[in-house]
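Take a look at the structure set out below.
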Amino acid sequence: MELNQYLSMFIDESKDHLQAINDNLLSLEQNPTDIGIVQVIFRSAHTLKGMSATMGFEDLAMLTHEMENVLDLVRNNKLSMNSFIFDCLFKSTDALETMVNDIIQGGTGKADVAHIVAALKSIVTGDYEKAGASATAEAAPPQEAHASMEVDQFQYSVLEQSISTGHEAYYIEVGIREDCVLKAARAYMVFDQLEHNGEIVKSTPSVREIEQEKFDRSFSVFFITHLQQDVLEKLIGNVSEISSVKVLPLDGETLKLLKSGQSVEEAGHPPAAASVKAPPAQAAEGQTTVAKAPAQAIGNRTIRVDIERLDLLMNLFSEMLIDRVRLEQLASEVRRQDLTETVEHMARVSSDLQNIVLKLRMVPVDTVFNRFPRMVRDVAKSLDKKVDLIVTGADTELDRTVVDEIGDPLVHLLRNSIDHGVESIADRLASGKPETGIVWLRAFHSGNHVFIEIEDDGRGINRQKVLQTAINRGVVRADQADRMTDDEVAGLLFASGFSTADKISDISGRGVGLDVVKTKIESLGGVVTVESKFGKGTKFSVQLPLTLSIISAMLIRVNEEKFAIPLSSIVETASIRRSSVRNVHGVPMIDFRKSVIPLVSLAGVYAVPGSPAAEPEETEIVIVKKGEKLAALTVSELIGQQEIVLKALGKYLNNIFAISGATILGDGQVALILDTNALIK
């Protein structure tokens, strides 16, 4: 019991220290001479080393010790940071995270980190070039051994979702003849054929290395297409001076084996036995009992609860809340002191219970966002670009199920912004922009939704190029293209298989990838839109529903009908005189805090019967917001604030304009809940 307790503490603290090392390395990269940041990293590495040694995780302790030696030289001004040292420290941090994750899954935390340790030792001795060559030689497989090519989590997700949507996925190895003089040109011809018939997810070696002829006589790709295997083999084989073509179809089972660490060939043709590597029979000599982690995964000081049980708990509490509101109404009518006091006490207890129930499912999006700065740094470096990521609203909370699923779409949108949005350094300087591009990642609540925006200050979307590509591929007709708005043109990027890329890229593609992004977000009940100004930048906006059953709302009356407006959408309430309403191009507007905002009649929008013959001189209004936009809603009466239970309208009442659901009031009446985001254009 004590060992499990210590191991759980070790895991929790290790995660915190590794996240701190990652974050501070990113900060240090921006300010390489800031010794204060080096001190913080050194302390985290030193603490992690001590914890690992105490627990008996020798590989962890050895690697952190070598990191500590490098950082000690830097903090004592005996060594200056450079790109190679940064890369080694980042690789070390990645290796440490891998070992800690192995411990979490019940492993021993052992890993082959000899090449990283050698590189760190060489930094201490000052032999950078030798260290770089050694690390590269041992870390990278031989170029001809493409069968061990791996995919990361994002690429795996793209392949998996593309297969599920009916695309064909293949692993392709292409060999070029020994007597070929321009091997890069032949590779380009193959890539050109592939790009015209599908989407390349990953290439090994990278496209940049192939363009510079930094590869042997073969290369491999993961490829998504609509073509069958025999057609694809013939298509590639038609390119001259190609010596061999091997095409391996991929399916869901193959991908799972590939994700588990098997090579592509093993995944495509798994042996009859031992398809998964067996764990070592025993720990190394001298390993402590604690380091022999138990066979089961070690979690944090938490318990895992089936999400369906949380849903059931939420529904039961929702029913109790409806009864509480009914009791409060009855108590106010009966006016018995003992009943009133009991109901008030129940209201306080249920309010505390409500907060706990709601928080059980809610987590900050920071759990997803905190891995993006490092990813942006790596992608920008691989593309020879300078990019700053500015994150705001990371403390915005969202339902756990949505947070778990939103990571991959956001990864692709960020990669897309860096690759296709932000220009190269030369192009930015030529257009009068700073050489460092900016990508903004924002999250904020608005009404019943959470908005996540990814915006860049890059080249924007070329309307004519998108339309021409769409016409060539038969997505739209030429006569339709001229009538399309800019937003409709930008929306074409989400068409299946659509791509405007001039150049093949391993990073992202506005084709299969954005189609997958849209499908995933819509499966969560969300919407993704894109706005762009050519030469200025592009903004992707993801709108996700808050899957909460209980919200705070303002109850209002419109003629004889009652509605509810979520409090998170309301700026303020007020009273205005009819004479203060102006008409601007036929639209009623009012003055509000040195600006003019539209006035919306809810009775008119929802055709509520029972309008009085003569409208009163004064009317109540509710000011609502959507991001930076405001509007005023006219109502007959403001009833008051109340906790309400959000109920879906059912499959027969889908897509009703500006209505997000309904609630049952204490007197048994049904009130519709307004979706103010839909009311504000």
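Identify all residues within region 438-451 that are more than 20 Å from F369 (Cα to Cα) and open to solvent by 10 Å² or more (accessible area, probe 1.4 Å); write none if there are none. Steps first, answer last, please.
From region 438-451, those more than 20 Å from F369 (Cα to Cα) are 447-448; that's our starting set.
Hit for region 438-451 is N448, nothing else.
Name the residue, out of I322, I356, that is over 30 Å from I438 (Cα atoms) and open to solvent by 70 Å² or more (accessible area, probe 1.4 Å). It would help to see each step written out before you state the result.
Values: I322 fails: open to solvent by 70 Å² or more (accessible area, probe 1.4 Å).
None of the other options fit; the residue is I356.
Could you figure out which of (1) more than 18 Å from S240 (Cβ to Cβ); (2) of a type outside the set (D, E, K, R); (3) open to solvent by 30 Å² or more (accessible area, probe 1.4 Å); (4) modelled with pLDDT of 80 or more isn't true of Q153?
Result: Q153 passes all but (4).
How many of the residues in region 327-350 are in contact (Cβ under 8 Å) with a residue 24 or more places away in the chain and within 13 Å of E643 (Cβ to Cβ)?
Number satisfying all stated conditions: 2.
Yes/no per residue for (1) closer than 20 Å to D112 by Cα; (2) modelled with pLDDT of 85 or more:
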site: Q5; (1), (2): no, no
site: F10; (1), (2): no, no
site: I21; (1), (2): no, yes
site: S44; (1), (2): no, yes
site: G56; (1), (2): yes, no
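Of everything in region 550-576, what is crowded, with 19+ Cβ neighbours inside 10 Å and among the small types (G, A, S)? Give them in sequence order.
Passing the criteria: A553, A564, S569.
Which condition breaks for I454 when tested against (1) touching a Phe, Trp or Tyr at 6+ places or on another chain (Cβ under 7 Å); (2) open to solvent by 10 Å² or more (accessible area, probe 1.4 Å)?
(2)
Report the residue count in region 419-437 for those that are acidic (D, E), surrounded by 15 or more Cβ atoms within 10 Å (Cβ to Cβ) and either modelled with pLDDT of 90 or more or touching a His at 6+ places or on another chain (Cβ under 8 Å) (or both). Steps first, answer last, please.
Pass one, region 419-437, residues acidic (D, E): 419, 423, 427, 435.
Going one step further and asking which of them are surrounded by 15 or more Cβ atoms within 10 Å (Cβ to Cβ), we end up with 419, 423.
Applying the additional criterion that residues be either modelled with pLDDT of 90 or more or touching a His at 6+ places or on another chain (Cβ under 8 Å) (or both) yields 423.
So the count comes out to 1.
Being farther than 22 Å from D419 by Cα and of a type in the set (K, R) is the filter; apply it to region 174-208 and report the residue that is surrounded by the fewest Cβ atoms within 10 Å (Cβ to Cβ).
R177
Of all residues in region 166-193, how many are without any contact (Cβ under 8 Å) to a residue 40 or more places away in the chain and under 28 Å from K256 (Cβ atoms)?
Counting residues in region 166-193 that are without any contact (Cβ under 8 Å) to a residue 40 or more places away in the chain and under 28 Å from K256 (Cβ atoms) gives 1.
When region 363-377 is examined, which residues are found to be in contact (Cβ under 8 Å) with a residue 60 or more places away in the chain and of a type outside the set (K, R)?
If the condition is that a residue be in contact (Cβ under 8 Å) with a residue 60 or more places away in the chain and of a type outside the set (K, R), then V365, F369, N370, F372, P373, V376 are the ones that fit.
Regarding A394, is this residue open to solvent by less than 50 Å² (accessible area, probe 1.4 Å), in a loop (DSSP other than H, G, I, E, B), under 26 Å from R377 (Cα atoms) and touching a residue at least 24 places away in the same chain (Cβ under 8 Å)? Show your work before the answer.
Details: open to solvent by less than 50 Å² (accessible area, probe 1.4 Å): yes; in a loop (DSSP other than H, G, I, E, B): yes; under 26 Å from R377 (Cα atoms): yes; touching a residue at least 24 places away in the same chain (Cβ under 8 Å): yes.
Yes; evaluated as a whole, the condition is true for this residue.
Just the residues that are in contact with a strand residue (DSSP E or B) (Cβ under 9 Å, 6 or more places away or on another chain) and part of a helix (DSSP H, G or I), please, taken from region 410-456.
Here is the first cut: in region 410-456, the residues in contact with a strand residue (DSSP E or B) (Cβ under 9 Å, 6 or more places away or on another chain) are 410, 413-414, 416-418, 420-423, 425, 428, 434-456.
Matches in region 410-456: L410, L413, L414, N416, S417, I418, H420, G421, I425, R428.
What strands (runs of 3 or more DSSP E) lie completely within region 577-673 and have 3 or more residues being under 19 Å from P566 (Cα atoms), under 39 Å from the mean Cα position of the chain (by Cα) and in contact (Cβ under 8 Å) with a residue 40 or more places away in the chain? Quick ask: steps written out before the conclusion?
On the way: elements: 582-584, 587-592, 595-601, 618-626, 629-635, 637-645, 659-664.
Result: 618-626, 629-635, 637-645, 659-664.
If you check L389, L360, L383, which single one turns out to be farther than 30 Å from A426 by Cα and either in contact (Cβ under 8 Å) with a residue 24 or more places away in the chain or of a type in the set (A, V, I, L, M) (or both)? Steps first, answer last, please.
Values: L389 fails: farther than 30 Å from A426 by Cα; L383 fails: farther than 30 Å from A426 by Cα.
Among L389, L360, L383, only L360 is farther than 30 Å from A426 by Cα and either in contact (Cβ under 8 Å) with a residue 24 or more places away in the chain or of a type in the set (A, V, I, L, M) (or both).
Please go through region 474-483 and pick out each residue that is over 30 Å from the mean Cα position of the chain (by Cα) and not in a helix (DSSP H, G or I). Walk me through it before giving the result.
Residues of region 474-483 over 30 Å from the mean Cα position of the chain (by Cα): 474, 476-483.
Hits for region 474-483 are G474, V476, R477, D482, R483.
Residues checked against (1) closer than 24 Å to N101 by Cα; (2) open to solvent by less than 10 Å² (accessible area, probe 1.4 Å); (3) part of a loop (DSSP other than H, G, I, E, B):
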site: V40; (1), (2), (3): yes, no, no
site: R43; (1), (2), (3): yes, no, no
site: H46; (1), (2), (3): yes, no, no
site: T54; (1), (2), (3): yes, no, no
site: D59; (1), (2), (3): yes, no, no
site: L63; (1), (2), (3): yes, yes, no
site: N69; (1), (2), (3): no, no, no
site: D72; (1), (2), (3): no, no, no
site: F84; (1), (2), (3): no, no, no
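Just a yes or no: is a residue in region 456-471 more than 27 Å from D192 (Cα to Cα) and modelled with pLDDT of 80 or more? Steps first, please.
Going through region 456-471, the residues more than 27 Å from D192 (Cα to Cα) turn out to be 456-457.
Now narrow it down to the ones that are modelled with pLDDT of 80 or more: 456-457.
Yes - at least one qualifying residue is present in region 456-471.
The values are calculated or read from the model by the stated rules, or taken from the named source; none is laboratory data. Fair warning: this is a prediction, and the values are worked out from it, not measured in the lab. Counting neighbours? That spans all protein chains shown, and the Cβs are built from the backbone with ideal geometry, glycine included. Areas reflect the complete protein model, heavy atoms only, side chains present, ligands, DNA and RNA absent. Shrake-Rupley method; radii C 1.70, N 1.55, O 1.52, S 1.80 Å.
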